[in-house]
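In what follows, a single structure is set out as structure tokens and then discussed.
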Amino acid sequence: MDFKEHITIIEDYPKEGVRFKDITTLMQNGPVYKKAIDDMTAFAANQEIDVVVGPEARGFVVGCPIAYSLEKAFVPVRKKGKLPRETVDADYGLEYGESSLSIHKDAILPGQNVLITDDLLATGGTVEATVKLVEELGGHVAGMAFMIELLYLNGRKNLSQYDIFSLVNFE
């Protein structure tokens, strides 16, 4: 299936010169969304994972159905200040600025194998911060699965030690 046909490109969003890849149109087509998640789940099923982790918010719409399909736990990574219990935090750079992510301190047990999921791999800042959080808690990143990868931003350059699956690539 050509998933690119179901992703809308928004010119000059969120700022001039950016060609935003909107997955909401893919998700609005039930059979296409299911096929996308099924393809990502097939990758995840071969990773021997214990838990799926996804950063806020679009990582939830990818990670939750994968975790559900595999009968694995899902752990949300949220913006700093959004989780109610004790957290560990990681700062990171975005294409458009800086931010901080948090995970509950008891969310990952030492030695657990983790699949990190998100809608997009761009510069890699969000996923690198997520890796830092998982590893700080003693987890092992077994793989990563993304709906979209922007190859021209070379987000993989600092992630070469991880097994990465991307459903769609944009050059």
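Computed from the coordinates by the stated procedures, all read-outs in this text should not be read as laboratory data. Small disclaimer: the values here were computed from a predicted structure and weren't measured. Methodologically, a virtual Cβ is constructed for each residue, glycine included, from the backbone with ideal geometry; neighbour enumeration extends over all protein chains shown.
For the chain, there are no membrane-span-like helices by this rule, meaning no whole DSSP H stretch whose C-alpha atoms cover at least 30 Å of axis and whose Kyte-Doolittle mean is 1.6 or above; this says nothing about an actual membrane. For the pair Glu71 and Arg156 in one chain, pulling the backbone fully straight at 0.36 nm per residue adds 27.8 nm over the alpha carbon distance.
Estimated at 0.36 nm per residue, the fully extended path between Lys79 and Asp38 surpasses their Cα-Cα distance by 12.0 nm.
Taking 7 Å steps out from each Cα toward its Cβ at Phe20 and Asp163 produces label points 3.5 nm apart. With bins 5 Å wide beginning at 0, the percent of Cα pairs of segment 70-171 falling in each bin runs 3, 13, 23, 25, 20, 12, 4, 1, 0. Placing +1 on the Cβ of every Lys and Arg and -1 on the Cβ of every Asp and Glu, with no other charges, gives the chain a dipole of roughly 280 debye about its Cα centre. Under the combined filter of DSSP loop state and at most 14 neighbouring Cβ atoms within 10 Å, segment 1-35 retains these GluC sites (Glu not before Pro): Glu16. Within the shell defined by Cβ-Cβ distances under 15 Å, the residues around Leu159 carry a net charge of -2, with Lys and Arg each +1 and Asp and Glu each -1. Each Lys or Arg adds one and each Asp or Glu takes one away; over the other residues whose Cβ falls under 11 Å from the Cβ of His140, this sums to -3.
Just checking the listed ones, Thr24, Thr41, Thr117: in the Gaussian network model of the chain with Cα springs under 10 Å, the one fluctuating most is Thr24. Under 5 Å from the amide H of Leu120 lie the amide H atoms of Met147, Ile148, each residue being 5 or more positions distant or on a separate chain, with H modelled from the backbone and absent for Pro and chain starts. Assuming a ≥ b ≥ c are the square roots of the Cα gyration tensor eigenvalues, decide whether segment 118-171 counts as rounded (a/c under 1.5), prolate (otherwise, with a/b larger than b/c) or oblate. Prolate shape, in that a/c is at least 1.5 and a/b is the bigger ratio. Among residues other than Leu101 whose Cβ falls under 13 Å from its Cβ, what is the net charge (Lys/Arg +1, Asp/Glu -1)? Combined, the nearby Lys, Arg, Asp and Glu give -2.
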